[in-house]
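The values are calculated or read from the model by the stated rules, or taken from the named source; none is laboratory data. Being a predicted model, the structure only gives us computed values, none of them experimental. Quick reminder, even Gly has a Cβ in these numbers, built from the backbone with ideal geometry, and neighbours come from all protein chains shown.
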Amino acid sequence: MARVCLCLTGKTLSRNLAAIEKYRRCIDVAELRVDCLDPDERFLIRDFPGQAGLPVILTIRRRIDGGYFDSGEGFRISLFSRGLAFAEVDRRRNFAYVDLEEDIDVPSLEEAARTFGTRIIRSCHNQNGIYDNMAEKIRGLARTGDEIAKLAVMPRDLGDVIKVYRAAKETSGMEKIILCMGDFGTNTRILAAHAGSFLSYTSDPELLPAAPGQIDPETLVKHYRFRDITARTTIYGVVGFPLKTTFSPRIFNTVFGHEKIDAVYVPFPAQNLNDFLHLAAELRVAGAAVTIPYKEEIIPRLRNVSDTVRKMGACNTIKTDKTDHSPDWDGINTDALGFSESLLRFTGKKNLRGMKITVVGAGGAARAAVSEIHRLGGRGLILNRNSVRARELALEYRYKWGGLDSQALDTMERYSDIIIQTTPVGTYPNIDDDPFELYHFKGHETVMDLIYNPEETAFLRRAKAAGCRILNGLEMLIRQAKYQYQYFFERDFPDQLIPRLEEIIRRKA
């Protein structure tokens with residue numbers, strides 16, 4: 001089982017000890033980043049392992065390797081020596097590991113470490129990409145059989161991440177640490193067990209950034225259930241781009257824990273849909289949610305699609321029943337039912353007959369909303385920045401259409417019983433953005449924004465201030481996830497968890 005390592009980047013030893021206490025229940029190892037310490041604190045590192053009460057890695061990371069140390073190599077070697085000196089019989093009071101980069105060649109340091117039981121992590125950090133032959137690179141790092149090879153690279157896309165997982169398989173007999181930095185590499189930190197990685201590095205968000213893409217220990221252990229993940233754990237996920245605000249992993253991993261399902265749900269930000277599909281085949285991903293901008297693009301790549309997907313031209317959920325490296329994907333759309341159930345519950349209506357409704361947007365989420373509005377008898381107006389896309393969608397249902405401009409205002413006022421905002425404009429972190437500032441709410445409108453982070457967008461705040469009833473996308477998110485779960489596992493969703501899931505998302509948003 002992979003271990004959880006907390007990178008300690010505080011400026012003082014006392015601050016780093018406080019971080020250990022904060023996360024002690026979630027971590028197995030700590031890495032003391034001496035390069036982050038104030039100068040006076042660096043001379044006091046020898047006693048830190050005894051104070052920490054858990055195994056500690058001694059690391060002094062240079063700037064060229066992504067660290068903060070720039071005081072000269074001679075001084076850095078002397079600090080390593082100070083940390084390893086005066087070893088005690090009780091090994092728990094010594095550094096358990098020392099991280100030495102591949103170009104360090106100081107036999108006295110290595111001899112001191114081995115003499116007193118401190119294991120050497122021989123590391124390489126590539127901040128600018130990956131290597132042509134990473135398996136060979138990993139094998140070449142460890143100079144002796146007792147060293148742990150560590151390779152950290154910066155992938156440019158998920159295509160690079162695939163190569164890292166393949167290198168991990170090729171070196172499956174080695175004790176190693178292998179990971180990808182940045183947003184594309186977050187999945188390698190969660191799936192360390194699948195890569196055969198000895199450690200997964202985490203950090204305290206209140207301290208200096210330790211490395212791009214690290215998450216905090218509590219999120220890794222509690223929300224991703226890291227300690228339960230093995231090489232046999234089934235992988236599910238969500239694909240989209242940039243995928244900064246998805247709460248689907250929190251929903252599904254909570255349900256997996258409650259239902260005791262050996263599965264994990266992982267975010268896969270992908271600049272290219274094909275890269276995700278290839279990575280999914282490599283990892284044998286069993287199912288995935290599909291979000292912006294791929295809900296329409298995914299359809300031609302699917303073996304079978306539901307009638308709903310065929311009708312609305314958008315798919316948000318895929319799964320496969322194959323376990324080889326060339327899966328056939330099937331797809332459905334759960335956004336539609338999630339949307340309509342949420343809206344009808346909020347309005348207290350059984351259908352939308354006689355209602356005149358404006359939909360802002362013309363993407364995959366808008367397609368799901370418009371399909372349900374039509375099914376439930378509503379009359380619609382579709383407005384979009386790209387009016388051509390609005391027209392294409394509107395013609396399918398014989399609805400009115402227009403651009404997000406002053407010419408649409410008169411028509412919108414006649415279609416304002418309900419206003420549905422389906423675009424990503426206003427989502428975190430751009431919470432002050434408003435998709436249609438030209439429209440002034442009158443107070444009689446029911447306004448729904450499919451965004452759930454933040455809980456109230458600028459669009460909803462304006463509507464609320466005018467006296468409108470407002471609804472965000474939280475309930476829709478959970479309801480569509482409910483149908484995704486039922487599609488993945490062909491069994492009922494544990495409805496008793498819904499209040500808990502709502503609270504988890506509100507707390508995090």
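In table form, for the structure just shown:
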item: Residue in the stretch 324-346 that is of a type in the set (D, E, K, R), surrounded by fewer than 24 Cβ atoms within 10 Å (Cβ to Cβ) and over 28 Å from residue 481 (Cβ atoms) present; result: no
item: Verdict on residue 394 being free of Cβ contacts under 8 Å to residues at least 40 places away in the same chain, within 16 Å of residue 369 (Cβ to Cβ) and either assigned to a loop (DSSP other than H, G, I, E, B) or touching a strand residue (DSSP E or B) at 6+ places or on another chain (Cβ under 7 Å) (or both); result: yes
item: Residues of the stretch 335-390 that turn out to be in a helix (DSSP H, G or I) and small (Gly, Ala, Ser), as a count; result: 12
item: Residues satisfying the stated conditions in the stretch 1-57, i.e. aliphatic (A, V, I, L, M), more than 15 Å from residue 202 (Cβ to Cβ) and not in a helix (DSSP H, G or I); result: 1, 37
item: Number of the exception - residue 67 against (1) in contact with a helix residue (DSSP H, G or I) (Cβ under 8 Å, 6 or more places away or on another chain); (2) part of a helix (DSSP H, G or I); result: (2)
item: Conditions (1) in the same structural domain as residue 401 (by TED's automatic domain parsing); (2) on the phi < 0 side of the Ramachandran plot; (3) surrounded by fewer than 16 Cβ atoms within 10 Å (Cβ to Cβ): number failed by residue 368; result: (3)
item: Condition broken by residue 131, with the remaining ones in (1) part of a loop (DSSP other than H, G, I, E, B); (2) under 29 Å from the mean Cα position of the chain (by Cα); (3) surrounded by 15 or more Cβ atoms within 10 Å (Cβ to Cβ); (4) in contact (Cβ under 8 Å) with a residue 24 or more places away in the chain satisfied; result: (4)
item: Test set (1) hydroxyl-bearing (Ser, Thr, Tyr); (2) in a loop (DSSP other than H, G, I, E, B); (3) assigned by TED's automatic domain parsing to the domain that holds residue 178 - residue 202 fails condition number; result: (2)
item: Residue under evaluation residue 252, criteria (1) assigned by TED's automatic domain parsing to the domain that holds residue 183; (2) of a type outside the set (A, V, I, L, M); (3) buried (at least 23 other Cβ atoms within 10 Å of the Cβ); (4) not in a strand (DSSP E or B), criterion not met; result: (1)
item: Test for residue 166: is it in the same structural domain as residue 66 (by TED's automatic domain parsing), basic (Lys, Arg) and touching a residue at least 40 places away in the same chain (Cβ under 8 Å); result: yes
item: Subset of the stretch 191-202 that is among the small types (Gly, Ala, Ser) and buried (at least 24 other Cβ atoms within 10 Å of the Cβ) - its residue that is farthest from residue 282 (Cα to Cα); result: 200
item: Members of the stretch 231-246 that are of a type outside the set (Ser, Thr, Tyr) and crowded, with 21+ Cβ neighbours inside 10 Å; result: 235, 237, 238, 239, 240
item: Flag if residue 75 is touching a residue at least 40 places away in the same chain (Cβ under 8 Å) and not basic (Lys, Arg); result: no
item: Counted residues, the stretch 261-317 - those being under 18 Å from the mean Cα position of the chain (by Cα) and hydrophobic (A, V, I, L, M, F, W, C); result: 17
item: Top-ranked residue of the stretch 371-388 - restricted to ones that are surrounded by 17 or more Cβ atoms within 10 Å (Cβ to Cβ) and among the charged types (D, E, K, R), ranked as farthest from residue 424 (Cα to Cα); result: 379
item: Sole exception among (1) surrounded by 22 or more Cβ atoms within 10 Å (Cβ to Cβ); (2) at negative phi for residue 306, by number; result: (1)
item: Matching entry among 110, 88, 101 (being within 18 Å of residue 56 (Cα to Cα), assigned by TED's automatic domain parsing to the domain that holds residue 42, over 39 Å from the mean Cα position of the chain (by Cα) and of a type in the set (D, E, K, R)); result: 88
